[in-house]
1. If you average 1/r over all unlike Cα pairs in segment 269-394 and invert the result, what Kirkwood radius do you get in angstrom?
2. Quote the relative contact order of segment 98-209 in percent (integer), defining contacts as alpha-carbon pairs under 8 Å separated by 6+ residues.
3. Rg over Rh of segment 213-433, using C-alpha atoms and the Kirkwood radius, what does it come to?
4. Given R₀ = 30 Å, what would the calculated FRET efficiency be for Asn85 paired with Lys454, taking r from the Cβ atoms and rounding to 0.05?
5. Apply 1/(1 + (r/R0)^6) to the Cβ-Cβ distance of Asp258 and Asp443, taking R0 = 41 Å, and write down the FRET efficiency to the nearest 0.05.
6. Using the Karplus curve 6.51 cos²θ - 1.76 cosθ + 1.60 with θ = phi - 60°, what ³J(HN,Hα) values do you get for each residue of segment 209-223, in whole Hz, with x for Gly and Pro?
7. Among Thr377, Thr11, which comes first, second and so on when ranked by fewest other beta-carbon atoms within 10 Å?
8. How about segment 322-414: which GluC sites (Glu not before Pro) there are in a DSSP loop, with at most 13 other Cβ atoms within 10 Å of their Cβ?
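Derivation of every value follows stated rules applied to the coordinates shown; laboratory data play no part. This structure is a prediction, so every number in the text was calculated from the model and none was measured. Reconstructed Cβ throughout: ideal geometry from the backbone, glycine too, with neighbour counts over all protein chains shown.
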Amino acid sequence: MTDNPLADLKTSLRGELVTRDDQEAFSSARFRGWNRDLNTRSNPLGFVIASGVRDIATTVTYCRSNDIPITVRGKGCHSPYGMANDAVVIDLSKMTAVRVDPEKKLVAIQAGADGGDVDHETALYNLICLTGSVSHTGFAGVALGGGMGHLSRWLGAVVDSIVSYEMVTATGDVVRVDEAQDPELFWGMRGNGASFGIVTEFVLKLRDMPNDGIIRSAPILWGEDKAREVMTPWLGRITRPERKETETLQFAFLHAPDGQPLCGVIPLIVGEAEPAAKATCDELAAYGGGALVRQDTQLPYTALQAALDDCFPYDRNYWDKGVFIDWDLSDANAANSIVDIAVKHWSEKPDFATKLSTFLLFMEVNGAVGRPDPASTSFAARTGRLWCTALTGWPDEDDSQRAASRKWCNDFVEKLRPFHVTTYLNNAMPESDAEMLGVFPEDTMRRLRALKEKHDPGNLFKTGAWQYQANM
Ligand SMILES: Cc1cc2nc3c(=O)[nH]c(=O)nc-3n(C[C@H](O)[C@H](O)[C@H](O)COP(=O)(O)OP(=O)(O)OC[C@H]3O[C@@H](n4cnc5c(N)ncnc54)[C@H](O)[C@@H]3O)c2cc1C
């Protein structure tokens, strides 16, 4: 006899079962996740490191029979909600295969893969599948919530390219979900994909990458004292009506490796002749009386995708909060006000913050993201012009540092309230039903609730739209 409620599961698995009985292995599984602070707040029952689909189906059936809740996480493991107290964590980090069909321009991605795994394989054929903008972020987590990337202006949201999902249902069955077989579930999966089952594989359409996968990118940087003089013309530049969707210009407040506070424009120009792309960067670099440093160059798209990775190391304390905004372009005060908020908020960042990981990010997410009918997917964040995020890290296990970091990020979003359009499940960090309504409109929520009731009536999966409740 044993008190371990997972004891009988072990013999049915080909993968590994890690339980609290083995504290060393348990701790290393628990702290494999990206955000140390949130890992400390979540104490699961155990981890199943799945070898394949069968381990997932076996674990789901076992947990359902024994009334044990389930969470899921992939190799990326960036979200706090991949774990929950007293739940079994199904860990897909061994399931990272990516198979490209260059003839059909399709890619099949095992659900444990991260963005880097995907980019690595698709680049072999000069094809592209949109992934997150940090290559160690899990593909699944990004895709299940909607999926924004550096090139979303051109490629839309990740969900817009999804053809089908393979998933394990709450009954332990393995099914394929696509538009033809179950349009309502397919709708719900594309925006709140984590709630209804465990996805084991995604199939997506690929696009051709022009110029052999070489783009013009990398930051153009100024000292933070130039922020107003740079951000103001940048905001004017990105609202020009004639712009191509293959041009994306991000703006950020950040630090140099030596800790110097900076601001920068990060151009991402795809498929343009090099003289024209460089001319755009020359125009940007002239802002604020001239850039301090120009790093913009021609580089492989895959190198750009990995460029930010070291700013976000694993097993550190982080908080981030984001919102989508837009403003009346005929109102000159609106743009000035956004600049004022940004400059002032940056000046108020916590002085203990981990400099390398502290950012205010203003990412362009319009263009192709806004084109589909908003009702065509449950992903609802289609009308924003900019995705604005505050992200910071703190060095010590210290509640006051945590509170101040969280406040700095949350306040940023609050200050932008006059310009809010919507929020995005994947970085809204919603902490209440009211905040969740900023992610999914009431009508969308109603359909999602009906899907949850149909596909997971026992609320076995503590993931997706209601994930903030997992550790309440
Ligand atoms: C440094 C950083 C950069 C980011 N950049 C971007 C970006 O550019 N674009 C963007 O859109 N978002 C971005 N995000 C937000 C990101 O989309 C979310 O944090 C996402 O949840 C991370 O996914 P993951 O797979 O790494 O995390 P995980 O913790 O593994 O999973 C995230 C969520 O999905 C669930 N889940 C995971 N796999 C499955 C599955 N197979 N089936 C069902 N449910 C599953 C988990 O239970 C959890 O709720 C970024 C986040 C960070 C920390």
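1. Taking every pair of different Cα atoms in segment 269-394, averaging 1/r and inverting gives 17.7 Å.
2. 31 percent
3. 0.95
4. Efficiency for this residue pair is about 0.70.
5. Efficiency computed from Cβ-Cβ geometry: 0.25.
6. 9, x, 6, 6, x, 8, 10, 9, 7, 5, x, 10, 10, 9, x
7. Thr11, Thr377
8. Within segment 322-414, the qualifying GluC sites (Glu not before Pro) (loop, at most 13 other Cβ atoms within 10 Å) are Glu348, Glu397.
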